[in-house]
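Peer 1: Quick one: this structure, given as structure tokens, is what I'll be asking you about.
The values are calculated or read from the model by the stated rules, or taken from the named source; none is laboratory data. Nothing here was measured: the structure is a model prediction, and the numbers come from that model. So basically every Cβ, Gly included, is an ideal-geometry build from the backbone, and we count neighbours across all protein chains shown. Note: accessible area is taken over every heavy atom of the protein model, side chains too, but ligands, DNA and RNA are not part of it. Shrake-Rupley method; radii C 1.70, N 1.55, O 1.52, S 1.80 Å.
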Amino acid sequence: MRVRIGLEIHVQLSNAGTKLFCDCDSEYRGFPPNSNVCPVCLGLPGALPVPGRRPVVLALATALSMKCKIPERLVFTRKHYFYPDLPKNYQITQFEKAGGAPVCLEGELEYLDTDSWEWRSVGISRINLEEDPGRTYYEGDILRSRYAYVDYNRSGVPLLEIVTKPEIPSPRQARMLVEYLLLLLEYIGAVNPRLEGVFRVDANISVEGGERVEVKNIGSTLDLEKALKFEAKRQTAIVERGGRVERETRHWDSARGMTKPLRLKEEEADYLYFPDPDLPPVEVGKDLLSEAIGILKTTPRSLFERISSMGIRSEIAWSIVSTPPASKRFLEAEKMVSDKRLLGRMIGVDLKGELKEQGRDLHKDSAWPPAERIAELVKLVERGEYTYDTIKGLVLPKLASNPLSPIQPLLPEKVDDVKALVDEVLKRESKAVRDYLSGRGKALNYLVGQVVRAAKGKAIDPRKAREELLNKLRELEARG
Amino acid sequence: MEESTSCGALERLVEIAKLELNDEERSVICRDLERISRYLSQVSAILENYGDVPPLYHVWEESLALRSRERDRRVSLSDFLDAWKIDSGGRVKVPWREVGRG
Amino acid sequence: MMRQPTVHELLEAFRHGDTDPVENAHRVIENIARREGKINAYISLEDFDSVLEKAEDSRRRWMRGAARKLEGIIIGVKDNISTSFLPTTAGSRILDGYVPPFDATVVERLQKEGAIIIGKTNLDEFAMGSTGEFSAFGPTRNPWDEERVPGGSSSGSGACLAYGGCNAALGSDTGGSVRLPAAYTATVGLKPTYGLVSRYGLIPYGNSLEQISPMGLSSLDVALILQVMSGYDPLDATSLNVNPDVVPEGPADPESIRLCIPGSLVGMSDEPVKKSFYSLIDRLTGEGASVDTVEIEGVEKALPTYYTIAVAEAASNLARFEGTLYPSRGDYSGDYWRFISKSRGEGFGIEVKRRILMGVYVLSEGYRDEYYLAATKVRRIVRDELARITKKCFIATPASPVLPPKLGEALGDPLKLYAMDAYTVLANLSGLPALVVPSGFSSNLPTGVQFIGGKLTERSLLSLGMLVEELTGIRGAYAGG
Ligand SMILES: [Zn+2]
């Protein structure tokens, strides 16, 4: 059954440096409660909001990346509702229907379908730049807590509300879209997508013949796919039974893996929108736009295409692009080596795999060795000094655990006398030699393996071993 | 408009504004709301004599100067808030649900 | 008429050693001790010993030649302007006990130039009112006639000036809130060009309309205070990026003055007000000023336009007061939404409630276009019209259509109360500067004249004020009592 999904994605601009309207920190995690607050983000009367340059530039860069219509002037509006975590009891946002002008109206987000490796696109209705509320804690259940306990450290953190058109065809596509979006925002320096609670998704989903159902409170891309799959199945079942899917709002219960109707009936709200009189419009001038364009130099897409054009497989290219420190290494090292595919494989598959294996944080820049070291390894293989397998098996594990180490000490000793090893093996493996000589060619592989084993961890080129073996075997054959 | 300014409409306004009124205030404001809203409705009437006038929200229609980092203005809640409203973890305690004690 | 020294005179006297800041402080404190019990101009007062200590500091600075621009001048600050060293209530029960953790920009600037803040002056709750009677801390009485109101909402600022309880005062002006008190207390009040003075720290009522505004015993005093407090503030996004010199060199040349009088608007005033107004205009023309009568388009709708915008902004600004981040009384528990409704119900007075509910009304879905949006459009018409007229002349009107009412007289009918602002709101809607100076006395009650000038014409407005003072002789008027 055909499914249509629309997303409302809230992403904190965690890397903006400051909150949207004051100089408190945009990355509030790690502060003791209520220690990242000032009169502005506490909404104290008389304290006035002044938008920061960085959050606005990041929002514009996001809008530009989605080919949005960007208004000449951004206008902030007030949205009123009473809630303990909202210190002014209004949120400053950009509602376009009450005199506001959001940073983006009508755009298009392109994302990579990592199943088919095709680019897809979905319409963007708008992007708002707004302030995040504080965080509320309850004693146990939200419905039974006597008090709400509020920490305003998050209050005022710049938040992008990105609203897509309801045209995403499947839960999996929804997930891939959000994953790509987060990566994009990471590339422009706006967001660290791995921070807890840095994004939240509300999704609306309908199946053919049913009303639209809103699913709130989705906190990860994995949950997004799960919640939407659950909902698609639930709605399909209703329609197939001949029932009707009612318009409603449901809540994603991540622990139980199911959506549930919201128990609190939402009030019919009147948000009393109007333009914030404290905030004259922000003129989107040349200087702001060029600053925004400047940080858009590299997008995951441009990078992916560039890496793919070097003959690197999509899976590997994406593996590199989806890990920004890896792509940084790749782009630097790429200029130093000639075999780009080898480099791609080393960074995107084996080094990354080794780091992961060792439990390192792949997104931490310092977890990765410098690009020159990686390039050095590739060059060793290019020059035939070591085999790729030797580097992979013997060097990468050491480099991964000690990324700043110079390469030389990590290189295994080379077997200096391959002939001696071959002689030793031939002497020992008389049965295999007989087999080979009697025409069973496969025995050669066995013998090569034995020679490599006899190297006892020292580097040996299996091709050389094979060559030497063949020489000796020919001699033996000749001797009869 | 007549319907909207009746005391029934007042209930909705009171609900949105989160503003409890006593009986006396209710009757005074009920009477005034109707008069005041009629008074304020003159404004839209005058617009009929004009073409399309764009709204004016900020009197000089200037654009604002974006902030670059100013100065740290962080404050501590205990600078202005009663100590008993702050829990031991530093969070602000706000009444939330009606629940029986114990 | 009894006189008291103006700020300008005090500074001259301090410089020449004719008197000193300590003597001045003693005189002010004596006046407060004598009159405050009855007048109720202050909500909170600084400890007098600490005032005298600061005055002593100032005295020494004058002695050693290190005096700053307002060294030793004693200032009353309206209690909706945030001070970290004195409570800031905005005249409301809901903020009783609130001490802000920061100072308003203007307070910082005045203190940096040696001014001494002696207390926080009374006002209509959240500056909503024209008489001062809506204060949760009791009404302020007019020092010229204690049965009458001193005008509002900056009631305490006007009153403390008139009885000598301060040398100068700060008010705020959203729709006439320093100009009405100036007119009713024979003092001078200037609503600056919107954006000339930082609003950082002003508890907001109608953000797009209001300015913190100086009040004084003369136009020159107002200029001296404004010079220190005005200018660009990066903490206020509506602050204009200008730092003009606003202190006039002297009274304006009457021959250079062109006045425009909106005839039919002035015609709405009570007889004694009109009489006083036109007799001043006659004197000005006698000196060589030229006068035209004009009709201002949209002007008759200025008042409802003003109120629509003001109540909308007020409803929004006051949403934050619900008893959690601010002082609260009574039971601190129960259902959140019931709790806040109750806190707000108990914390706000009737006029504030009326305006909040009207504000919600004009912004609510289905009514927003008819009310709020329409008002923002008419505001443009009024602004354009006033900007056009003030390019060629100062608009002159009485400050208020009525003489200072008796206490209780105007309270019953909100529309009648709003009508007191008929002349003053023009400047707030248009963002233009407007000055009120005393025009005379009518049966021992002060009357004031208002001049509205073009954007950032404070300096010429104030020199016109000085000219008027020359003609009326009213400068440093002292309601001895
Ligand atoms: Zn802050």
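Peer 1: When the range A:15-25 is examined, which residues are found to be surrounded by fewer than 24 Cβ atoms within 10 Å (Cβ to Cβ) and either more than 9 Å from the ligand (Cβ to nearest atom) or aromatic (Phe, Trp, Tyr) (or both)?
Peer 2: A:Asn15, A:Gly17
Peer 1: Considering the range A:28-46 alone, what residues qualify as being at negative phi and away from the ligand (no atom under 13 Å from the Cβ)?
Peer 2: Result: A:Arg29, A:Pro32, A:Pro33, A:Pro45.
Peer 1: Check the range A:45-56 and report whether any residue there is in contact (Cβ under 8 Å) with a residue 24 or more places away in the chain, part of a helix (DSSP H, G or I) and open to solvent by less than 10 Å² (accessible area, probe 1.4 Å).
Peer 2: Yes: one or more hits.
Peer 1: Let me ask something else about it. Please find, within the range B:29-56, the residue that is farthest from C:Leu363 (Cα to Cα) out of those that are more than 7 Å from every other protein chain (Cβ to nearest Cβ) and part of a helix (DSSP H, G or I).
Peer 2: Result: B:Arg31.
Peer 1: Of all residues in the range A:18-48, which are more than 9 Å from chain B (Cβ to nearest Cβ), under 18 Å from C:Leu202 (Cβ atoms) and not aliphatic (A, V, I, L, M)?
Peer 2: If the condition is that a residue be more than 9 Å from chain B (Cβ to nearest Cβ), under 18 Å from C:Leu202 (Cβ atoms) and not aliphatic (A, V, I, L, M), then A:Gly43, A:Pro45, A:Gly46 are the ones that fit.
Peer 1: Then there's this: Going residue by residue through the range A:161-181, is there one that turns out to be among the basic types (Lys, Arg), open to solvent by less than 50 Å² (accessible area, probe 1.4 Å), over 18 Å from the mean Cα position of the chain (by Cα) and away from the ligand (no atom under 16 Å from the Cβ)?
Peer 2: Checked the range A:161-181: no residue is among the basic types (Lys, Arg), open to solvent by less than 50 Å² (accessible area, probe 1.4 Å), over 18 Å from the mean Cα position of the chain (by Cα) and away from the ligand (no atom under 16 Å from the Cβ).
Peer 1: Still on this structure, please answer the following. Give the number of residues within the range C:324-349 that are within 7 Å of chain B (Cβ to nearest Cβ) and free of Cβ contacts under 8 Å to residues at least 40 places away in the same chain.
Peer 2: 13
Peer 1: Can you spot a residue in the range A:21-41 that is closer than 21 Å to A:Gly285 by Cβ and either at pLDDT 95 or above or part of a loop (DSSP other than H, G, I, E, B) (or both)?
Peer 2: Yes, that holds for at least one residue.
Peer 1: State whether the residues of the range A:1-11 include one that is open to solvent by less than 10 Å² (accessible area, probe 1.4 Å), touching a residue at least 24 places away in the same chain (Cβ under 8 Å) and touching a Cys at 6+ places or on another chain (Cβ under 8 Å).
Peer 2: no
Peer 1: Condition first: among the acidic types (Asp, Glu), touching an Asp or Glu at 6+ places or on another chain (Cβ under 6 Å) and within 29 Å of A:Pro133 (Cβ to Cβ). Can you find one or more residues in the range A:218-227 that meet it?
Peer 2: no
Peer 1: Quick one: which helices (runs of 4 or more DSSP H) sit completely within the range A:398-480 and have at least 2 residues that are outside the structural domain of A:Thr387 (by TED's automatic domain parsing), buried (at least 17 other Cβ atoms within 10 Å of the Cβ) and touching a Pro at 6+ places or on another chain (Cβ under 8 Å)?
Peer 2: Ranges flagged: A:443-454.
Peer 1: Quick check: anything in the range C:418-432 crowded, with 20+ Cβ neighbours inside 10 Å and under 18 Å from C:Ala252 (Cβ atoms)?
Peer 2: So far as the range C:418-432 goes, yes, one or more of its residues are crowded, with 20+ Cβ neighbours inside 10 Å and under 18 Å from C:Ala252 (Cβ atoms).
Peer 1: Going through C:Gly334, C:Gly345 one at a time, which residue ends up being on the phi > 0 side of the Ramachandran plot and open to solvent by less than 20 Å² (accessible area, probe 1.4 Å)?
Peer 2: The unique qualifying residue is C:Gly334.
Peer 1: One residue is enough: does the range C:41-55 have a residue meeting the conditions aromatic (Phe, Trp, Tyr) and under 23 Å from the mean Cα position of the chain (by Cα)?
Peer 2: Yes, some residue in the range C:41-55 is aromatic (Phe, Trp, Tyr) and under 23 Å from the mean Cα position of the chain (by Cα).
Peer 1: Would you mind stating whether C:Asp221 is in a helix (DSSP H, G or I) and of a type outside the set (Phe, Trp, Tyr)?
Peer 2: yes
Peer 1: I would also like to ask the following. Quick one: which helices (runs of 4 or more DSSP H) sit completely within the range C:271-389 and have at least 3 residues that are within 30 Å of B:Arg97 (Cα to Cα)?
Peer 2: Of the helices (runs of 4 or more DSSP H) lying wholly inside the range C:271-389, those with at least 3 residues that are within 30 Å of B:Arg97 (Cα to Cα) span C:302-317, C:336-347, C:350-363.
Peer 1: Also: Answer with yes or no whether B:Val94 is assigned to a strand (DSSP E or B), within 8 Å of chain C (Cβ to nearest Cβ) and either of a type in the set (A, V, I, L, M, F, W, C) or touching a strand residue (DSSP E or B) at 6+ places or on another chain (Cβ under 8 Å) (or both).
Peer 2: Yes.
Peer 1: Can you pull out the residues in the range A:98-156 that are within 30 Å of B:Tyr57 (Cα to Cα) and within 16 Å of the ligand (Cβ to nearest atom)?
Peer 2: Residues satisfying the conditions are A:Glu130, A:Glu131, A:Asp132, A:Pro133, A:Gly134, A:Tyr152, A:Arg154, A:Ser155, A:Gly156.
Peer 1: So, one more: For the range B:57-89, which residues satisfy the criterion of being among the β-branched types (Val, Ile, Thr) and facing chain C (nearest Cβ under 7 Å)?
Peer 2: Matches in the range B:57-89: B:Val59, B:Val75.
Peer 1: Okay, next question. Checking the condition over 27 Å from A:Leu183 (Cα atoms), open to solvent by 60 Å² or more (accessible area, probe 1.4 Å) and in the same structural domain as A:Arg306 (by TED's automatic domain parsing), which residue from A:Lys356, A:Lys328, A:Lys392, A:Lys364 passes?
Peer 2: Being over 27 Å from A:Leu183 (Cα atoms), open to solvent by 60 Å² or more (accessible area, probe 1.4 Å) and in the same structural domain as A:Arg306 (by TED's automatic domain parsing) holds for just one of A:Lys356, A:Lys328, A:Lys392, A:Lys364, which is A:Lys392.
Quick grid of which residues meet (1) aromatic (Phe, Trp, Tyr); (2) open to solvent by less than 10 Å² (accessible area, probe 1.4 Å):
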position: C:Asp369; (1), (2): no, no
position: C:Ile389; (1), (2): no, yes
position: C:Phe394; (1), (2): yes, no
position: C:Ala399; (1), (2): no, yes
position: C:Val402; (1), (2): no, no
position: C:Leu435; (1), (2): no, yes
position: C:Ser439; (1), (2): no, yes
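Peer 1: Now for a different question. With (1) of a type in the set (A, V, I, L, M); (2) open to solvent by less than 10 Å² (accessible area, probe 1.4 Å); (3) within 14 Å of another protein chain (Cβ to nearest Cβ) as the list, and C:Ile381 as the residue in question, which single condition is left unmet?
Peer 2: The number of the failed condition is (2).
Peer 1: From the list C:Asp236, C:Asp245, exactly one residue is closer than 24 Å to C:Gln111 by Cβ, of a type in the set (Asp, Glu) and open to solvent by less than 10 Å² (accessible area, probe 1.4 Å). Which is it?
Peer 2: Going through C:Asp236, C:Asp245 in turn, the sole match is C:Asp236.
Peer 1: Condition check: within 16 Å of the ligand (Cβ to nearest atom), open to solvent by 10 Å² or more (accessible area, probe 1.4 Å), touching a residue at least 40 places away in the same chain (Cβ under 8 Å) and within 13 Å of chain C (Cβ to nearest Cβ). Does A:Val75 satisfy that?
Peer 2: Criteria not met by A:Val75.
Peer 1: Is it the case that A:Gly52 is in contact with an Asp or Glu (Cβ under 8 Å, 6 or more places away or on another chain), within 16 Å of the ligand (Cβ to nearest atom) and on the phi > 0 side of the Ramachandran plot?
Peer 2: Against the criterion (in contact with an Asp or Glu (Cβ under 8 Å, 6 or more places away or on another chain), within 16 Å of the ligand (Cβ to nearest atom) and on the phi > 0 side of the Ramachandran plot), A:Gly52 does not qualify.
Peer 1: Let me ask something else. Among the numbered criteria (1) within 16 Å of C:Thr89 (Cβ to Cβ); (2) within 14 Å of chain A (Cβ to nearest Cβ), which one does C:Ser153 miss?
Peer 2: (2)
Peer 1: So which residues in the range A:91-144 are crowded, with 16+ Cβ neighbours inside 10 Å and assigned to a loop (DSSP other than H, G, I, E, B), if there are any at all?
Peer 2: Within the range A:91-144, A:Gln94, A:Phe95, A:Gly99, A:Gly100, A:Pro102, A:Val103, A:Thr114, A:Asp132, A:Pro133, A:Gly134 qualify.
Peer 1: If I filter the range C:245-261 for residues that are within 30 Å of A:Pro281 (Cβ to Cβ) and either in a helix (DSSP H, G or I) or at pLDDT 95 or above (or both), do I get at least one hit?
Peer 2: Scanning the range C:245-261, I find at least one residue that is within 30 Å of A:Pro281 (Cβ to Cβ) and either in a helix (DSSP H, G or I) or at pLDDT 95 or above (or both), so the answer is yes.
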